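The structure appears below as C-alpha cells.
Nothing in this text is a laboratory measurement; each read-out follows from the coordinates by a stated rule. This structure is a prediction, so every number in the text was calculated from the model and none was measured. Note that each Cβ is placed from the backbone with ideal geometry, even for glycine, and that neighbours are counted across all protein chains shown.
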Amino acid sequence: MTQTERETGPVTIKADKISKVYGEFAALHEVSFEVRRGTVAAFLGVNGAGKSTTMRILTGYLAPTSGAARILDLDPTRHDQRIELARKLGYLPESGPLYRDMTPAESLQFFVELRKLAGGKQHIDRVTEQCAIGQVMHKPIHKLSKGYRQRVGMAQALLHDPEVLILDEPTSGLDPLQIREVRTLIRELGKTKTILLSTHILQEVDAIADRVVMVHDGRLVFTGTREELVKDEGAEKRFYELTGQRAKEVA
Amino acid sequence: MFGVDFAAVGAIVRKDLRQYLANPTGYVFLTLFIATTAAAAFMQEGFFARNLADLAELNKMMPAILMFFVPAVTMGAWADERRSGTDEILLTSPVSEADVVLGKYLGVLGMFTVSLGFSVAHVAVLSFLGDPDPGLMFSTYLGYWLMGAMFCAVGLLASMFTSNSTVAFILGALGCAGVVFAGAEPWAAGLLGTAVLGLLFALGWYVVRAGDVAGAAFAGGLGTVVGLAFWLPSLLPWLHEDGETNRFIDSFSALAVDSHFASFGEGIIRLGDVAYFVGSAAVLLYLCAFLLGRRHW
C-alpha cells in the first residue's frame, strides 16, 4: 500500500474524545485520533500514559466514560457490533496473557473452537508458520521462553486472519533478537492489515510505524507521521518535550 | 436457541474441564471429596445402629461438605482468568457475556458431576451391605447434584469479585454457609437476610445509576441497616416476647438448603424444591453475567 493510499484511505480506527474515569482518577481525557486503512500506527507513551486503557476501550473490553470509539465503523460498546467487530479484530493484550497449562496447539485449537473457524487446521498451520512456533507447539506454555509466549499470543491474535490488529506492547520484555523478529513480523503484517501497536520505546516508531499517536497523562499530545515527529530536533528530544520531561535528561 | 452460542459454550466447557483434569490439584480435591463423603456416610455410629441401606447419615453432612468442596472447585473459575489476564482475550472474542458465564458454569458443574459420579461407589458399598432402594438412591443423588449445582453458581459468583483464588474460596464458602446454616440457626438466617438486602440495594443502585460505585456502596450500607432493623428485634430480649416469631428470620430461613434437600433424601422429588435449586442457580448466573457486563458502564 502506498503512502498516498494510506493517507486517503477510509478511517479504520477512530477514537472520538474518549475519556475514562475511575472514581476520582481520570485515566483518559478526551483522546481523539484516527488510523486509516493499511496504516501501522504506533501508540506511544510512557508507562501509565493511558495506552492500555485506550486499547481496551477500542477492543470493547472496557467502555469509555464519555466519547466514542469505532473500528471498521463498528461501535464496540454495543453488544451486537462488539461481536461483529471481534470477528474482524485481532488483539494481543499487554504481556500476552495465555493459558499457561495448555500447549500452544491446545490453546490455538481452543480459540479455533471458540471462534467457530471453519478449516481450523489450516488456520493453525498458517499462524504456526507466520509466528514460527512449530517447534514448541506441544510444549506447555509455562515452559516456553518469553519470546515464544509472545509469539503464541501473536498467533492467537492472527488466528482468524483479522483486518485490524491491536497489539499492546508486543515487544515488551523481549531480548534484542526476539524484538527484531517481532518487528519483522509486524512489518510483514502491516502490508495487508491496519495495525495499532502501543509502545513506550521510541525506536519502535522508527522501525515499524507510519504514523504516531502520543499520549501522556491520559491526554493526546501528538498525532502525525513519523517524519513530523522527528523533523526538527530528533525523536528523542521531541518525545521528552511532549511528555513534559526535561530535555537534558536525555543526555 | 435463546441466543446461546452452544459451540462457544462447549469450547469453554471443554477447555475448563481439561484444565481441571490435567491438574493434580483437581485429583486431590476429587479424592478428598470421595474420602470425606465415605467417612460421613459409613463411619458414623448411626449408620450401623439404624441397620438400613441408605445414605441418611451422609444427607445430614452433605450440605456442610459441599459448602467447602464446591467453592474449592469454583474458586479459580473466573479469578484465575482475571489474574492471568486471559479474561481480556475471552471477553474480546466473538462471544457474549452470557455464553462465557454459561461455559464457565457448566465447566465447574461438569467437574462437580464427575466427582459426584465417583461417589456413586457409596451405593455399591450399600448394595454389598444390604439392599438399597434404587428410587431413593436416585432421588438422593439428584438432590446432591441440584444442591451442588446451586453451590457452583454461588462459587462462580464469588470468583467474579476477585482475582485471588483464596479470597474467592472464602467468599464462596461464606455464601454457601449462609444458605446451609440459615435453616438451623436464626442468627444465620438474619445474617443471610441482611447480606441479601445489602446486596440487592447496592445492585439496584448500580443498575439505576449506571455504575455509580460510591452510590452503590451507600445503598448497600442502607440495605444492611434495613436488614439489621428487621433482624435485631429478635436478638434483643426486651424487644420481643418469648416465642414470638420474626417474619424476616422466617422468610430467610425458607431459603435454607436443608428444608429443600430433605425431601430428596426421603425419596420424594418435589417440583418446588427442584425449582428452588434451579431458580437460585439461574438468578446467581444472571448476576454473574451482570457483573461481567458492568465493565461496559
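If r is the Cβ-Cβ distance from A:Lys231 to A:His138 and R0 is 60 Å, what FRET efficiency results, to the nearest 0.05?
For A:Lys231 and A:His138, the calculated efficiency is 0.75.
If you take the Cα atoms of segment B:14-172, find Rg, then find the Kirkwood Rh from the mean of 1/r over all pairs, what is Rg/Rh?
Working: Rg = 17.4 Å, Rh = 16.6 Å.
Computed over Cα atoms, the ratio is 1.05.
Can you tell me the convex hull volume per residue for the protein assembly as shown, based on C-alpha atoms, in Å³ to the nearest whole number?
Values: hull volume 98.8 nm³, N = 548.
Per residue, the Cα convex hull of the protein assembly as shown comes to 180 Å³.
In peptide B:17-27, how many Cβ atoms from other protein chains are near each Cβ within 10 Å, on average?
1
Determine how many Å³ per residue the convex hull of the Cα atoms of segment B:173-233 encloses.
73
Average partner chain C-beta neighbours within 10 Å, per residue of A:94-101?
5
Using the Karplus curve 6.51 cos²θ - 1.76 cosθ + 1.60 with θ = phi - 60°, what ³J(HN,Hα) values do you get for each residue of segment A:61-71, in whole Hz, with x for Gly and Pro?
For segment A:61-71, the Karplus-derived couplings read 6, 10, 9, x, 5, 8, x, 9, 10, 9, 10 Hz, x marking Gly and Pro.
Counting other C-beta atoms within 10 Å, which of B:Met62, B:Met67 has the fewest, and how do the rest follow?
Sorted ascending by nearby Cβ count, the order is B:Met67, B:Met62.
Can you give the FRET efficiency for A:Ala68 and B:Gln44, using 1/(1 + (r/R0)^6), R0 = 51 Å, r = Cβ-Cβ distance, to the nearest 0.05?
0.20
If you average 1/r over every pair of different alpha-carbon atoms in chain A and take one over that average, what Kirkwood value in Å do you get?
Kirkwood radius, chain A: 18.6 Å.
What does DSSP give for segment A:101-238 in terms of the percent of beta bridges that are antiparallel, rounded to the nearest 5?
The answer is about 55 percent antiparallel.
Order of A:Thr184, B:Thr162 from fewest to most other C-beta atoms within 10 Å?
By the 10 Å Cβ count, ascending, the order reads A:Thr184, B:Thr162.
I'd like to know which of A:Ser52, A:Pro162, A:Gly38 lies farthest towards the positive end of the charge dipole of segment A:3-249, counting +1 on Cβ of Lys and Arg and -1 on Cβ of Asp and Glu.
It is A:Pro162.
Report the Stokes-Einstein translational diffusion coefficient (µm² s⁻¹, integer) for chain B, Rh taken as the Kirkwood radius over Cα pairs, at 20 °C with viscosity 1.002 mPa s.
104
For the charge dipole of chain A, defined by +1 on Lys and Arg C-beta atoms and -1 on Asp and Glu C-beta atoms about the Cα centroid, which residue among A:Leu89, A:Leu28, A:Ala15 has the Cα displaced farthest towards the positive pole?
Checked the options; the winner is A:Leu89.
Name the residues whose placed amide hydrogens come within less than 5 Å of the amide hydrogen of A:Val21, ignoring near sequence neighbours (fewer than 5 apart) on the same chain.
Sorted by chain and number, the residues that satisfy this are A:Ala27, A:Thr65.
Can you work out the PRE-style zone for B:Phe161? Point 7 Å along Cα to Cβ, and I want the residues of segment B:177-197 with backbone N under 15 Å.
Zone members listed by number: B:177-179, B:191-197.
Give me B:Leu157, B:Leu232, B:Leu271 ranked fewest to most by other Cβ atoms within 10 Å of their Cβ, as a rough exposure proxy.
Lowest count first: B:Leu271, B:Leu232, B:Leu157.
Extending each Cα 7 Å along its Cβ direction at B:Leu200 and B:Ala35, get the distance between those two points in nm, one decimal.
4.2
With a sphere of radius 15 Å drawn around the Cβ of A:Glu188, what net charge do the other residues whose Cβ falls strictly inside it have (Lys, Arg +1; Asp, Glu -1)? Don't skip to the end; give the middle numbers.
Numbers: positive: A:Arg126, A:Arg151, A:Arg180, A:Arg183, A:Arg187, A:Lys191, A:Lys193; negative: A:Glu129, A:Asp161, A:Glu181, A:Asp210.
Summing Lys and Arg as +1 and Asp and Glu as -1 gives +3.
Using the Cα centre of segment A:3-249 as the reference point, and only Cβ charges (+1 on K/R, -1 on D/E), how large is the resulting charge dipole? Debye, rounded to the nearest 20.
Numbers: 36 positive and 34 negative charges, 91 e Å.
I would put it at about 440 debye.
Indicate, rounded to the nearest 5 percent, the antiparallel portion of the DSSP beta bridges found entirely in the protein assembly as shown.
Of the beta bridges lying entirely in the protein assembly as shown, close to 55 percent run antiparallel.
For peptide B:75-87, what's the mean number of Cβ atoms from other chains within 10 Å of each residue's Cβ? The partial results should precede the final answer.
Details: counts 0, 0, 0, 0, 0, 3, 2, 1, 1, 5, 6, 6, 3.
Rounded to a whole number, the mean comes out at 2.
With +1 on each Lys and Arg Cβ and -1 on each Asp and Glu Cβ, and nothing else charged, work out how big the dipole of the protein assembly as shown is about its Cα centre, in Debye to the nearest 20.
Using only the charged Cβ atoms, the result is roughly 1580 debye.
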